[in-house]
Each structure stands twice: as structure tokens, then as C-alpha cells.
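Notes to accompany the following structure.
The values are calculated or read from the model by the stated rules, or taken from the named source; none is laboratory data. None of the values given here were measured: they were computed from a predicted structure. A quick note on method: Cβ atoms are made from the backbone with ideal geometry, for glycine too, and the neighbour counts reach across all protein chains shown. We work out accessible area using only protein heavy atoms, side chains counted, and drop any ligands, DNA or RNA first. Shrake-Rupley method; radii C 1.70, N 1.55, O 1.52, S 1.80 Å.
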Amino acid sequence: MGNPLHAMVVFGTRPEAIKMAPLVLELQRSAAFKTSVCVTAQHREMLDQVLTLFSIKPDFDLNIMQSGQTLAEITTRALTGLEHVFREAKPDLVFVHGDTTTTFAGALAAYYSQIPVGHVEAGLRTGRKYAPFPEELNRKLTGAITDLHFAPTDTARENLLRENIPADDIFVTGNTVIDALKVTVRPDYCFTRQELNNLRKDRRLLLVEAHRRENLGEPMEAICRGLRRIVTDHPDIEIVFPVHKNPAVREPVYRHLSGMERVHLIEPLDVADFHNLMQKCTLLLTDSGGVQEEAPALGRPVLVLREVTERPEAVAAGTVALVGVNEQQIVGSASRLLNDQTAYLKMATAVNPYGDGNASARIAAAVCWRYGLTDVRPADYQPQ
Ligand code: UD1
Ligand code: UDP
């Protein structure tokens with residue numbers, strides 16, 4: 001065997017870290033790869049929570065986060081920092097993930113250095129330039145640069161084929177978030193955040209997460225007003241809302257909801273706590289992308305606080321419903337599920353269109369095949 005392939009894994013935010021951690025661990029286990037990790041730290045605390053949980057020590061840390069950062073600031077700081085890292089480390093292949101500004105800057109910096117790019121979670125699309133903003137364009141632009149596209153589902157593969165990406169460059173792998181979920185969720189799990197162990201068993205738990213840029217402003221106000229009404233209308237409901245670190249999220253959330261009995265506004269949870277809390281909750285209300293993939297696997301219904309989703313598989317399966325960001329619709333949809341056991345049970349069905357926990361192994365195998373280290377192209381992931 002020749003020299004191992006130097007694969008550099010680049011990420012910067014919480015969701016990228018959660019979904020890249022299983023791949024980093026997989027590559028580190030394989031003798032075919034020399035693995036290095038570069039974090040832009042577009043997020044700081046929320047990234048570090050994940051690095052600690054998975055015991056990942058970055059080789060490079062650009063530490064770019066600033067409070068209230070603009071998109072142009074993130075892009076330029078990440079791009080310049082990554083150029084220096086690539087020049088110094090000279091990786092053979094750069095992995096980026098998903099659709100954040102770090103993703104796009106990572107792919108662009110690799111292209112400028114003429115290093116091949118592997119895009120994990122490739123091919124998600126809404127077809128609407130501003131929904132989600134700026135993620136739809138981040139993933140399209142990243143797709144235009146990418147050499148190896150790791151699509152989580154067949155739908156994502158189809159999206160890429162429609163953009164004339166060669167079929168040979170696309171591998172359907174499942175989503176690495178299911179690899180992570182298999183590690184974190186335990187029946188006997190004890191929460192690191194003590195107050196979560198003390199939640200009352202006679203109350204139903206609503207778990208909330210909302211942060212998207214296109215929801216900042218009036219949509220976030222409407223979401224908060226809706227949550228107030230839901231908790232007031234249902235005396236047996238308790239809301240846990242780990243509030244994203246973005247000041248533009250925290251201000252309206254605390255203004256509307258702090259001090260309310262049965263509403264717990266808490267700091268972002270580490271991912272093991274969050275996954276196990278999902279397992280215990282009755283219902284999720286969220287605009288998060290990752291949560292839409294995790295909840296179906298856990299059999300928990302999700303009301304998506306957005307107008308469109310790039311994750312249609314769980315909607316088709318019936319576990320996820322799009323409710324938009326209108327106060328009336330949010331209250332109506334949540335109340336229907338909380339009051340109607342039949343409607344609730346119809347949604348609370350465990351389906352898993354997103355993976356079997358072996359996505360990272362498929363990605364590593366695909367790279368080995370592409371670089372001639374093995375003769376067999378890995379079979380595409382097919383949901384059972
Ligand atoms: C980013 C991604 C979004 C992803 C989200 C996941 C972009 C443009 N957006 O959005 O796709 O869904 O992450 O959460 O890439 N902050 C902290 N500490 C942290 C993290 C954030 O203080 O650990 C605060 C900072 O003030 C920062 C602000 O949050 O400026 C916004 O962070 P940013 O990464 O720009 O945007 P997100 O909304 O988090
Ligand atoms: N998550 C977490 N702690 C929390 C809330 C969410 O670890 O307090 C996890 C969640 O399980 C999912 C990921 O964060 O894996 C989703 O990240 P986020 O919602 O920030 O971004 P998105 O997926 O919308 O890009």
C-alpha cells in the first residue's frame with residue numbers, strides 16, 4: 001500500500017460538527033487515510049460542545065466567530081484562513097458538509113488551491129433562492145465545485161442529476177446524522193443537565209428549536225406568540241427551548257417567553273442531551289434541518305416552522321408536517337396533535353428515510369474506490 005490519502009475535514013457550526021464527527025472517527029480508524037480536521041469556528045461554544053463530546057481535537061482552528069457576524073465577514077475570514085491552512089497542510093482531498101457559509105468558503109478555498117472536494121449531505125434543494133437563506137445558494141454553489149457528491153437520499157441524488165452532475169460522481173450514503181444518533185441515544189441515559197432529569201412525568205413535553213436567518217424578525221415573533229398560546233391553552237404541557245446563541249434569536253425569545261410557568265428557556269444542549277430529550281418528548285416544533293432528520297428515526301412528530309423544506313422524505317412518510325410561521329397555523333397544528341390521539345399516533349410512527357448508521361463507512365469506501373484503493377464501488381444506501 002502507498003502513502004495514505006490525506007483527507008482534511010473542514011467544518012464550523014454545530015450541525016456540521018455533529019454530522020462530520022462520525023466521518024472523522026471513521027477516517028481515523030482506516031489505514032487508507034491520514035486525517036486532519038480544520039474548524040473555522042464560525043460557531044464557538046456550540047461547536048466546542050460537539051468536539052468535546054466526540055473527543056475531536058482540531059489540527060487547525062481559525063477561531064473566526066464574532067458576535068453578530070455578517071455573511072460577508074464569515075465568508076472572507078473563512079476563505080482567507082483556509083487558504084493558509086491548505087497551503088501549509090497540502091491535503092489530497094477536502095471534505096465539507098451541508099450548506100453553511102463555512103461549507104461554501106471551504107469548497108471555494110479548496111478549488112482555488114486545486115484540491116478535490118467531497119461534499120457530505122449533497123443535493124438537498126428547495127429550488128427557492130431565499131428559502132432557506134443563504135443555505136440554498138451555499139449548497140448549490142458548493143455542488144458546482146464538488147468532485148465527489150455524497151447524497152444522503154435518492155431524492156438528493158435526483159436533484160444533482162437534474163443539475164447535470166455526472167451519475168458516477170454521486171454516491172447515495174444515508175445521512176451521517178443517523179450514525180451519530182446511534183451513538184448518543186441510550187434507554188438508560190442520564191442527562192448531564194440535572195434539571196432535565198427532574199422534568200415532571202405527568203406533563204407532556206414540547207421541545208422547541210428555532211434559529212434560521214429567514215425566520216429572524218416577524219416570523220420569530222409569531223413563533224414565540226404561538227408558543228405562549230400553546231402553553232396557556234394546555235395546562236399539562238411543558239416547553240423546553242434550548243435557545244440558540246444568536247443574539248437575534250435570544251432577544252425575542254426571552255422577551256416573549258421568560259418567566260412563564262412551564263416554559264424552560266435553557267442554553268443550547270450538548271447533542272447527547274438533546275437527542276435523548278427528543279426521545280422523551282411528545283412533539284417537536286422547529287425550523288432546524290437536522291432535527292427533521294433525527295426525529296423520524298425516533299418516532300417523534302415534528303411541526304416544521306418554515307414554508308418549504310429540502311427534506312421531503314419525512315413529510316412524505318408522515319412524521320414531519322410543514323406548518324409555516326403564521327401564529328394561528330402554529331397554534332392550530334400543535335393543538336390538533338395534542339388534543340387528537342388518532343392524529344398524533346398517525347404522525348408518531350418511527351420511519352427512517354435518512355440512514356442506517358453506516359453513512360460514514362460508505363463515504364470512506366467511496367473515496368477508496370475513487371482513488372483506486374479498492375475495486376468495488378460501494379452499493380448505494382436504500383431505506384428498508
Ligand atoms: C449558522 C448557519 C446555518 C445553520 C446554523 C446552525 C450560515 C450562514 N448559517 O447559522 O445554516 O443552520 O448555523 O445553528 O452559515 N453565536 C455564538 N456562539 C455560538 C454560535 C453562534 O455566540 O456558538 C452567535 C454569534 O453572535 C454569531 C451568531 O450567533 O455571530 C450567528 O452565528 P452564524 O453562524 O453567523 O449564524 P447561525 O444563525 O448560527
Ligand atoms: N442540537 C443540539 N443541541 C440543542 C439543539 C439542537 O445539539 O440544544 C442538535 C440537533 O440534535 C441537530 C443539530 O443540533 O443534530 C441541528 O443543528 P441546528 O438546528 O443548529 O442547525 P441546522 O440543522 O438547522 O442547520
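So how do 324-332, 272-280, 187-195 stack up, highest first, on mean other-Cβ count within 10 Å?
Numbers: 324-332: 17.2, 272-280: 21.1, 187-195: 11.4.
Ranking the peptides 324-332, 272-280, 187-195 by packing returns 272-280, 324-332, 187-195.
Determine one quarter of the surface area of the Cα convex hull of region 170-251, which equals its mean projected area, and express it in nm² to one decimal. Kindly include the intermediate steps, with their values, before the conclusion.
Details: hull surface 34.0 nm².
Result: a mean projected hull area of 8.5 nm².
D380 label point, 7 Å along Cα→Cβ, cut-off 17 Å on backbone N: hits in region 299-322?
Answer for region 299-322: 312-313.
Once every DSSP H run of n ≥ 4 in the chain is given -39500 (n - 2.57) and the sum is divided by its residues, what mean residue ellipticity at 222 nm do you get, rounded to the nearest 500 deg cm²/dmol?
Working: 16 runs with 174 residues, N = 384.
One gets -13500 deg cm²/dmol as the mean residue ellipticity at 222 nm.
What net charge is computed for the residues neighbouring S360, neighbours being all others with C-beta under 9 Å from the C-beta of S360, Lys and Arg scored +1, Asp and Glu -1? Write down the numbers at each step before the final one.
Numbers: positive: R362; negative: E26, D179.
Charge balance in the 9 Å sphere: -1.
Could you pull out the pairs from K129/K245; K280/K346; K19/K90; K182/K245 whose alpha carbons sit more than 21 Å apart here?
K129/K245; K19/K90; K182/K245
Evaluate the distance, in nm, between pseudo-label points positioned 7 Å from the Cα of Q194 and of K280 along their respective Cα→Cβ axes.
Simple spin-label model gives 1.5 nm for this pair.
Once region 107-151 is represented by equal point scatterers at the alpha-carbon sites, with solvent omitted, what log10 I(q)/I(0) does the Debye formula produce at q = 0.16, 0.18, 0.31 Å⁻¹?
-0.41, -0.51, -1.06
Relative to the first principal axis of the alpha-carbon coordinates of the chain, what is the inclination of helix 218-233, with its axis defined by its Cα atoms, in degrees from 0 to 90 and to the nearest 10?
40
In whole angstrom, note down how far apart the Cα centers of region 238-306 and region 319-384 are.
18
When the accessible area of the chain is computed with all protein chains present and a 1.4 Å probe, what percentage of it is carbon and sulfur?
Numbers: 8040 of 15620 Å².
Exposed carbon and sulfur together represent 51 percent of the surface.
Take the eigenvalues of the Cα gyration tensor for the chain, scale each by 5, and report the square roots as semi-axes in whole Å, largest first.
On the way: eigenvalues 244, 96, 77 Å².
With the √(5λ) rule applied to the chain, the semi-axes are 35, 22, 20 Å.
Mind pulling the angle between the C-alpha long axis of helix 101-112 and the longest principal axis of the chain? Nearest 10 degrees, somewhere in 0 to 90.
The angle comes out near 10 degrees.
Using only the alpha-carbon atoms, how far is helix 135-145 inclined from the longest principal axis of the chain? Give it as 0 to 90 degrees, nearest 10.
Value to nearest ten degrees: 10.
Please find the FRET efficiency linking N339 to Q69, where r is the Cβ-Cβ separation and R0 is fixed at 25 Å, and quote it to the nearest 0.05.
Working: r = 42 Å, r/R0 = 1.69.
For N339 and Q69, the calculated efficiency is 0.05.
Could you do me a favour and compute the accessible area per residue for region 62-128, 1.4 Å probe, result in Å²?
Details: 2740 Å² over 67 residues.
Heavy-atom SASA per residue in region 62-128 reads 41 Å².
Under a 1.4 Å probe, what is the accessible area of region 228-349 per residue, stated in Å²?
Details: 4330 Å² over 122 residues.
Each residue of region 228-349 exposes 35 Å² on average to a 1.4 Å probe.
Cα atoms only: what Rg and Dmax, in Å, come out for region 1-104?
Just the Cα atoms of region 1-104 yield Rg and Dmax of 13.3, 48 Å.
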